[in-house]
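Have a look at the structure below before the remarks.
The values are calculated or read from the model by the stated rules, or taken from the named source; none is laboratory data. The structure displayed is predicted, hence computed values, not measured ones. As a convention, Cβ positions derive from the backbone with ideal geometry for all residues, glycine included, and neighbour counts pool all protein chains shown. The protein model used for the area step is the full one, side chains on, heavy atoms only, and it has no ligands, DNA or RNA in it. Shrake-Rupley method; radii C 1.70, N 1.55, O 1.52, S 1.80 Å.
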Amino acid sequence: RTADPAPRVPGRGRRALLVVTGVLAGAIPAVVAVNITRMLVTGADAEHRFHQLTGQGEILCALWLVPILVLLRAGWQGRRPGSAAGWAHVALALSGAGCAIASQGGGAPVLMAVVGIPGALLWAALPQRPRLRVRVQVDPLLMPVALLASAVLLPYTIDQLALQNASTTGYHAENPHYFDMAWIAVTLAAHALLAALVPAARVLAVGFAAAMVWTGAAGLALGESTPWSLAVVACGTLAAAAAIVVRRRAPRI
């Protein structure tokens, strides 16, 4: 492939576009993260603490906000964002769109518009966009972990979407916690598979490992299914170990 052009500091107009689109794309997950953290600290809606720690709150906001910040930082400096950040951003949007097709309760389609439209505007404002057409090379350590994690996460996704579809009235009809849990489960499975398939996205294994350990530990502490929570922790631990080995064997430049 051709080499990336040298970074060029964007002009005022381009940076103004980055600020506007960055605020549009990142304001909601940032505000949600702050509010959910406040709820966790104060004990508000304590019966939903597992959702607050994972799909409704902290994990979802991290999966949503971190790629946006990475894209913005590279764009502000005039660099091409890494493929890992680009694929992470796309995976979040596509995973959510797929879940919204399967379960439209709780305003899921509107939420996906809030994710997709500002995200597309941000990509349009970037001086250089991430490369999504990248080399594929299966990693022999990360791929088994990704397949195992998918076997744990995807049935869980189906169950959560079924629960969301069954919630036609009451609290969960207006607050799509089950949809959110399905959304992060599919997104995390996508991260694991991307890390296993794409050398440029191997770094996603680190975030995947942390999110899985966090989610499984929260499930164990807050009364979720013990076998499922243990399986999630195990997948995260295996992913962390595999990521360490992959990083150590990577060629030094």
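The table below gives the values:
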item	result
5 Å binning of all Cα-Cα separations within the chain, expressed as whole percents from 0 upward	1, 6, 13, 16, 18, 17, 13, 9, 5, 2, 0, 0
Spin-label zone in segment 84-105 - amide nitrogen under 12 Å from a point set 7 Å from the Cα of Leu132 along the C-beta vector	86-95
Share of carbon and sulfur in the accessible heavy-atom surface of the chain [1.4 Å probe, %]	68 percent
Unit Cα scatterers, Debye sum, segment 100-157: log10 I(q)/I(0) for q = 0.16, 0.17 Å⁻¹	-0.91, -0.95
Rounded to whole Å, sorted largest first: equivalent-ellipsoid semi-axes of segment 178-228, Cα gyration tensor	23, 12, 7
For segment 204-253, alpha-carbon Rg over 2.2 N^0.38 Å	1.33
Segment 207-218 - phi-based ³J(HN,Hα) in whole Hz, Karplus 6.51/-1.76/1.60, Gly and Pro as x	x, 4, 4, 4, 5, 5, 4, 4, 5, x, 5, 4
Exposed trypsin sites (Lys or Arg not before Pro) absent: longest stretch of the chain, with sites in DSSP loops and at most 11 other Cβ within 10 Å deemed exposed	2-132
Interatomic Cα distance distribution for segment 24-147, bins of 10 angstrom, percent	12, 35, 33, 17, 2
Volume in Å³ per residue [convex hull over Cα atoms, computed for segment 1-55]	142 Å³
Segment 1-62-segment 163-203 distance, computed between alpha-carbon centres (Å)	17 Å
Total formal charge among the other residues, if their Cβ is under 15 angstrom from that of Ile36, Lys/Arg +1 and Asp/Glu -1	-2
Segment 135-206: relative contact order in percent, alpha carbon pairs under 8 Å with at least 6 residues between	47 percent
Tail fraction, Cα-Cα pairs, segment 105-247, threshold 24 Å, whole percent	42 percent
Relative contact order computed over the chain (Cα-Cα under 8 Å; 6+ residues apart), in percent	22 percent
Rounded accessible area of His48 (nearest 10 Å², 1.4 Å probe)	20 Å²
Share of pairwise Cα separations in segment 55-120, more than 15 Å, in percent	55 percent
Residue order for Leu94, Leu132, Leu121 - accessible surface, 1.4 angstrom probe, largest first	Leu94, Leu121, Leu132
